[in-house]
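Okay, so here's the structure we're looking at.
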Amino acid sequence: MYALRDVTATVTSIALQTSSIMSKKIAERPDSLVLDVKFGKGSFNNEVEASLELAKSMIQAGELCGIRTSALVTRMDNVMGCAVGNWLEVKECINIMTMGASGKTPECISRSKDLIEITLTLAAQMLVQAKKAATLQEGIAMAQDHLLSGKCWKKFREMVQAQGGSLRCIESPEDYPKAKYSAKVISPKKGFITS
């Protein structure tokens, strides 16, 4: 659907964004749904007002289908965490989920604070909706406890197994096949990359 929206210049259409995103979520038939709706330079919606409108539209779609739905509207001006690329992002999340149980703190974790913060907040909102936490703050504390105790890692492993995935890949991410081609791009000076 995105390709069609792209060629018809309707990428920012709230109705089409809603149907594209929510059709997949509703098809899963969850009891409850927490959405992370982005705005900013890295989003289809640069302005917060458009993302608020999208969030309201998606909440309405979910609720009309009998799914308790909420949304957090968050900024997307920069990369979250320290990894870019599908497997590298998964590997970063593995490092985060295993840091408490292993006692290790990979260097990348200190640069992943924004990713950890938004993930704990989204998890906390889901705990509130599931009536496992009374407040968002209580939910954040619970989610953080589950992260540091290794419960998140255990659940992730169960989810990978349930979907027929290989535990070998996530238990030894360094053994995952490397990309055939790679190149280092080294800047001659300090600075920032902007779009």
Per residue of region 178-186, in order, report the coupling 6.51 cos²θ - 1.76 cosθ + 1.60 (Karplus, θ = phi - 60°) as ³J(HN,Hα) in whole Hz, putting x for Gly and Pro. 7, 4, 5, 10, 8, 8, 8, 10, 10
Env charge @ M142, Cβ radius under 14 Å, K,R +1 / D,E -1, value +2
Protein-only accessible surface order, largest first, of F156, F192, F39, F44 at 1.4 Å: F192, F44, F156, F39
Could you order M126, M22, M97, M159 by accessible surface area, starting with the largest, using a probe radius of 1.4 Å? M159, M126, M97, M22
How large is the charge dipole for the chain, taken about the Cα centre, if only the Cβ atoms of Lys, Arg (+1) and Asp, Glu (-1) carry charge, to the nearest 20 debye? 420
Cα-Cα longer than 24 Å, checked against K41/K190; K38/K190; K155/K184; K132/K155; K91/K154; K41/K113, kept in input order, equals K38/K190; K155/K184
Among M159, G85, S112, pick out the residue whose Cα is farthest towards the positive end of the charge dipole of region 41-181, where Lys and Arg carry +1 and Asp and Glu carry -1 on C-beta, about the Cα centre. M159
Rounded accessible area of K24 (nearest 10 Å², 1.4 Å probe): 130
Return the long-range amide H neighbours of G81 (sequence gap of 5 or more, or a different chain), with a cut-off of under 5 Å between placed amide H atoms. D114, L115
On the protein heavy atoms, probe 1.4 angstrom, tell me the percent of accessible surface of the chain carried by carbon and sulfur. 58
So what is the accessible area of region 66-195 per residue, in Å², with the probe set to 1.4 Å? 71
Given a 10 angstrom Cα cut-off, can you work out which residue in K180, K132, K56 is the most mobile in a GNM of the chain? K180
Dipole of region 103-195, Cα-centred, from +1 at each Lys and Arg C-beta and -1 at each Asp and Glu C-beta, to the nearest 20 debye? 300
Please give the charge dipole size of region 47-86, origin at the Cα centre, charges +1 on K and R Cβ atoms and -1 on D and E Cβ atoms. Round to the nearest 20 debye. 200
Using alpha-carbon positions, what is the distance between the centroids of region 15-48 and region 132-171, in Å? 23
Express in Å², to the nearest 10, the accessible area of D175 obtained by rolling a 1.4 Å probe over the protein heavy atoms while all chains stay in place. 90
Quick query: amide H of A71 versus all other amide H atoms, modeled in the peptide plane; which residues come in under 5 Å with a sequence gap of 5 or more or a different chain? L35
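The values are calculated or read from the model by the stated rules, or taken from the named source; none is laboratory data. The shown structure was predicted, so the numbers you read here are calculated from the model rather than taken from an experiment. Using ideal geometry, Cβ is built from the backbone for each residue, glycine included, and neighbour counts are taken over all protein chains shown. For accessibility, only protein heavy atoms count, side chains too; no ligands or nucleic acids. Shrake-Rupley method; radii C 1.70, N 1.55, O 1.52, S 1.80 Å.
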